[in-house]
Every structure is written in C-alpha cells, then in structure tokens.
Amino acid sequence: MTAAKHIEILRVNYLRGPNIWTYRSVIEAWVDIGVLEDYPSNTLPGFYERLTTWLPGLIEHKCSPGVRGGFLQRLQQGTWAAHILEHVCIELQNLAGSQAGFGKARSTSQRGVYKVAFRCRQEDLGRQTLEAGRLLLEAAINDTAYDLNASVAKLHDLVDSLCLGPSTSSIVNAATDRGIPHIRLTDGNLVQLGYGHAQRRIWTAETDQTSAIAEEIASDKDMTKSLLKACGVPVPEGTLVRSPDAAWEAAQDIGLPVALKPLDGNHGRGVSLDLSNEEAIRTAYHVAKEQSGGSVIVEKFIPGNEHRLLVVGKQVVAAARGESAWIVGDGIQTVTQLVDAQINTDPRRGEAEELPLSPIIPSQSPEVQLELQRVGLTPDSIPAKDQRVLIQRNGNVAWDVTDDVHPSVARVAAMAARVVGLDIAGIDMVLEDVSKPLEAQRGAVIEVNASPGLLFHLKPAHGKARPVGEAIAQHLFADDASGRIPVVGITGTRNTGRLARLTAWLVHISGKHVGLACSEGLFLDGRQVSAKDSTQWEASQRVLINRQVQAAVFENPSRMILADGLAYDRCAVGVITDVSHTPELNHFDILDAEQAYKVVRTQVDVVLPDGCAVLNAADPQVVEMAELCDGEVIFYALDENHPVLVEHRKAQGRVVFVRSGTIVLAAGEQETELVALAHLKPAKAAQPELVMAASAAAWALHIPVQLIGAGLRTFESSPKKTPY
C-alpha cells in the first residue's frame, strides 16, 4: 500500500499592503510538499480527474499560458503541489463568494519548501482557505473523500461575517476605480476612504456627512411625517396611538382602510396594510407594538405599489418597485410548505447578504400570520386547490424602475431627504405608477430611511443593476479629488530613520501638518508621540487615519515590507538609499543582494504616475529601479560628473549633487545652489548623502528651494530640541 502524501504548512503571514508579490493584500504561506517534490501532477494517477471534478471552475484560470484553461494545461504537463495549492485556494474563495484571481508559488532555498501567495481580502478567511485548500489537495492526491460542499459553506459563512458587505464593497470598489485608497477601520463596515485630512468615512450607506439629528428624525416616523407635511411633501393622514382601542378609534376617524406601523421600526417590520375591520386592526396593533418601544402609527392606507427611491446628495440615483408575494394552494400542502416550494425556492431569496430577497418564514413573521388570519388561515393550514393566498404585501422591493421615474416623483423624493436632513436616504413611496406625475395619482411618501439598503439596486430581482456605489463615491469626492495626501516612503539601510525625520521636517516647515513613522519614533509636526521604533504597520496606520495629517513620511525597512507590506497603496515620493542584504532578511529566505533588490523595488513600484522616485545614483542596483517607476526620477550623488547624473541631465531630468561643498539642485542645464554644507550643523554636514536625499524628496514635493534651505539649517537631531 502506497503511503499517503502530505503537505505541511510551515508558516503563514498576511501581507496587508503592497508587497513583493502584488499591490494588494495576500496570504503568504511557506509549505513543505515533502515527497511530492518528486511527484508532479502528471505522475499522480487519477489526480487530474478528481481535482477538476471537484473544482470545474479551474478551467477559468489562465495561469502562465495566459489563456482560458491555461492552468489545466500546466496540470496535464506536470506541475508541483505548491503551485496547485495556490490555484485551489483561489478557486475556493471564488466558490465562497469572495472573488480572487492573483496567486504565485516560488521555491525557496530548501528543497521541497515553497512560498505560496494568493489574493485574500481578510486574514482569517485566508488562513481558513489555506487549510481547506490543503485538505482538498491532499484528498485529490491520495484519492480519499472530501466534503467540498461543507468546506465551501464554512468559507461562505466566513465571507459573510468577516468581509465587507456588498453595499459597502460597492462604494469601496467605486472609490478604488477612481484611485482613492481605503482603510478598513473595524471588523465591520466602517471604512475610511482616502488618507489623513483628505479622508471621508462611510459605514455602509452612512457617511461622515450623515447628520445624527437627521437619523433621529428619520427613526421617528411621526416627526418625519410632520416635517414632510409642513414642507408640502404628500404624506398619508395619520395619528399616534398607544392601545388597540385607540387604534380602532383612530382608524374610524381617518377612514378605512388603514395601515399600522411601529413608530420607530425599519425594513418594513411590523407594518400591516389595507386593514378594514376591528379585529385585523387590533391584531395589527400588537404586531407593530412588538417592533416598537413606544407608540404605533395608524394612517390612511394608500393603494398602489411600494417603491424605494435612493437619494444621494440632491438627486435620485436608483428606484425599485415592490410586489406582493402570493401562493396557490394544491389542497395537499400547508401554507408553510407552499411558501417554501413556490416562494423560497427563488434563487434570489436567501439569508446570504448578497441576495436581494429574504426568505419568508410564516411561523416567524407576525405580518404574514396577520395576512393569513384575514382569510381564516394559519401557517399550518392547507389552502384549497387553486386558492390564491396573499402572503406578504410589502418587503419585496427588488424590481428596478430607475429609468421610469417621473421627474415630479424624483423631485418629491429628493425634497423629502432634504427636509429630514439626510445626505443619503431611502425614500419609501406608494405609487400607482412611478412613471406618471405625482399630482395625477394618489401617491405619498410613507417613510424616510437613514442608512438605506443598497442591495436591491445593486442586484435587483428584475431589471438593470445600478451603480449606486459610484454615485456615493461621487457624492463624497469631487471629480478632481483623489482622497490622497502627499506620502513619502523611504527604504534602505543608510540612516533612513534620520533621513525620514529630516524629510518630514522639510515638509512641515512648508506649512503642512506632517505625520512621521520611523525607527526613531512616531511624530506629529515634529512632536515625538512615541520614542519606540515605529516602522510597523500599526504605527503607520495611526498616521494615515489621523484627520489632522496633511502629509506623511514613512521609513520602510525591508523586513517591514516582507512581514506586513507597505501601509499605503501608492505614494507621491519613494526614496531608495541603497540595496543591501542584512542578516535579518535570512528569516524571509532573502539570502543575497539580488533577492533584496526584489524587496526594495516595492517602494518604487508604488510611486504614483504624477509622483517621483528619488534614487541614489551611486548604487547600481538602485539605478536599475528607475525604469520601474511610473513617475519622474530624481537621482542624487556626491559627484556631479557621475555618469548616471550626466545622462539624466542630458534628458532634462532632475539631479542633486555636491559642488565645492554646496548642495546643488539641477534640472537639465538649469542649476540652483541650495545650501553650503558648512552652514549646516556638524551632524548633517558630515552626512551629505542624507541631506541630498531629503532635499530631493522635498524638491519632488514642489517645496520652494528657499524653504528647503531654511529647513536644513534649522533641523535638530534631538526631538526635544526640534522647533515647532
């Protein structure tokens, strides 16, 4: 009997920012494939068939051939378990509802040990996916059982509980498409779009412009109606009641039929419509009371269909119509069984957050039970054959009607949002026909909702999906706004902590509030907040989430890039002092300067197209990075006749050098003397390369030369002595 072949996971790391693999977050796992190093995929009998039967979606993986089915070609030709694990983990995430596409596998210096990296949006999900992928792969190799459905279901639950919800994701994705960075601030849906003082914050469909007062008004339906009515917005006549007797009395005064709803409910819970008799009204009162800590509203029932209009800013950007849910009896099945068979089997219904319609469970819904009671049924009753039974009048808003909305209807919806004071609102209206003028029908606003759901606009049951995420991103950021502040990243081994402090000081004296995270501590505007080494992800995040910060400077040692990735997605300036191998990199299997180059280049890879890389011309490996930069390049070197500087100046590039003891900035043939080293304090004068690099970074940020010179002269090495 052949011994089972196993894969051992040696180490798992979550790289949260740009890294040696890609610009986005990835799981990086070190795996030992053991004897499988001698068994590529084409030598394992039946493996290909078992794996592709479990994961038919692998045909979509292009892999290195770059075509559909490319990965399957690699399987048939023969590839190793670590590479296969990468693709299995990607596909498992796709099946679980978290789309992924990137992955790589690379051998290490130890035979049979590989680094496997794959895209993942959340660390715990990535770790669980890795373990599930390992078990599936081993089962396919060893021809043993594997419960794929259970595994995917578990991962799907993790996606639902740990990843951003679809509404929040739509806004984040729209911002990302515009180049606006984001930071997830909690395990929930609180997200920061942009950095520092340029940031905005969202919490699903709430923003940092959403008024707390407006939310309180919207949660009080009676107050909302009063304000809307006072401003000329049509609303149904109604009153507050505190007992079933009062509800019946109010219904008679208003005129039957009526609707009852909780004062402070939401999402249609506790709402009963078209009530025409005392028993139904008394029952509806108790249904509404269960959803409200206070009073119940009795209001005139308006015939028509429920509509939800999404207002963002000052305009309607999407609209959806609701429809009632019915069943048809067969004389055999109960109401509950018919609902499951005729309504809940709709693939658009389910508990998953990405589905537009929720399942209906009669035994758990007082609203449904009230509807059944009105026709003499219960959830356990068996309707007669062909009997049509109304199950739910509202709560099925999922039919897109955005293109049909009449301007007068849109105008009233937008006015309702403004009256309440919400920047984003879901306006519920009852309308006979959304395409007709409001004055030509008995239409009315029945509710104004803060933090409205976006899903039935993003994934309607019928009709076109609407780009509501883009609308909200546009509402938060003007066309020319990127949500970015100037970010300077510094990588190397040559006194980069002091270089970062000097650079931050030069930016600060230009008039900006500057955050700095480096090996010498955490600083805000020259004030040392912490004296601890702050070249970690958490310290850098503290800078980027600070609303006061107008510019940020980061020291990024290679070990940080390897352990966490960069804390920011892109930067305005990337400074590279050198490429050097240090002993601490051996832990990451980076064993020489050539491998260290691949780490350091990450800093240049993230320079924005309108940004600049500041490179040490005296280091040949650093010079090689110039061609990797999407933006401009400024070279610096002590010798003005260094060949790299000479050639760069011929191409009208910018350079920094020392001539006769003076720092000189040159752009093509134009030269500007910055400051004499003799005029600087001894510590800086003895480190001209540090001064040149900091000056070049400040120059790249368009800081006036005079201010750069002044900053060089006034900077103090001791944080306590740094002037404010």
Within segment 21-36, identify whether any single residue is at pLDDT 95 or above, β-branched (Val, Ile, Thr) and assigned to a helix (DSSP H, G or I), and answer yes or no. yes
Within the set of pairs 6+ apart or on separate chains, which have a first residue in segment 671-696 that is of a type in the set (S, T, N, Q), a second that is in a helix (DSSP H, G or I), and C-beta atoms under 6 Å apart? Thr672/Val705; Ser695/Ile708
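Here is a yes/no grid of residues against (1) outside any helix (DSSP H, G or I); (2) of a type in the set (D, E, K, R):
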| site | (1), (2) |
| --- | --- |
| Leu585 | no, no |
| Leu591 | yes, no |
| Val599 | no, no |
| Val614 | yes, no |
| Gln621 | no, no |
| Arg649 | no, yes |
| Val658 | yes, no |
Looking at Val623, Val607, Val614, which is the one that is touching a residue at least 40 places away in the same chain (Cβ under 8 Å) and assigned by TED's automatic domain parsing to the domain that holds Asn641? Val614
Restricting to segment 269-288, and then to whatever is of a type outside the set (A, V, I, L, M) and crowded, with 22+ Cβ neighbours inside 10 Å, can you tell me which residue is nearest to Gly453 (Cα to Cα)? Gly270
Here is a check on your reading of the model: is Ala678 surrounded by fewer than 18 Cβ atoms within 10 Å (Cβ to Cβ), in the same structural domain as Gln603 (by TED's automatic domain parsing) and part of a helix (DSSP H, G or I)? yes
Scan segment 626-644 for residues that are farther than 17 Å from Asp610 by Cα and under 42 Å from the mean Cα position of the chain (by Cα) and jot them down. Tyr636, Ala637, Val644
Name every residue in segment 403-418 that is buried (at least 21 other Cβ atoms within 10 Å of the Cβ) and not small (Gly, Ala, Ser), in order of residue number. Val409, Val412
By residue number, the members of segment 314-343 that are assigned to a loop (DSSP other than H, G, I, E, B) and surrounded by fewer than 17 Cβ atoms within 10 Å (Cβ to Cβ) are Lys314, Glu323, Ser324, Asp330, Gly331, Ile332, Gln333
Does Arg24 qualify as being basic (Lys, Arg), within 27 Å of the chain's Cα centre (by Cα) and surrounded by fewer than 20 Cβ atoms within 10 Å (Cβ to Cβ)? yes
Residues being of a type in the set (Lys, Arg) and in contact with a Pro (Cβ under 8 Å, 6 or more places away or on another chain): count how many of those fall in segment 343-401. 2
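The values are calculated or read from the model by the stated rules, or taken from the named source; none is laboratory data. Please read all numbers here as calculations on a predicted model, not as lab measurements. Glycine also receives a Cβ, built like all others from the backbone with ideal geometry; neighbour counts cover every protein chain displayed.
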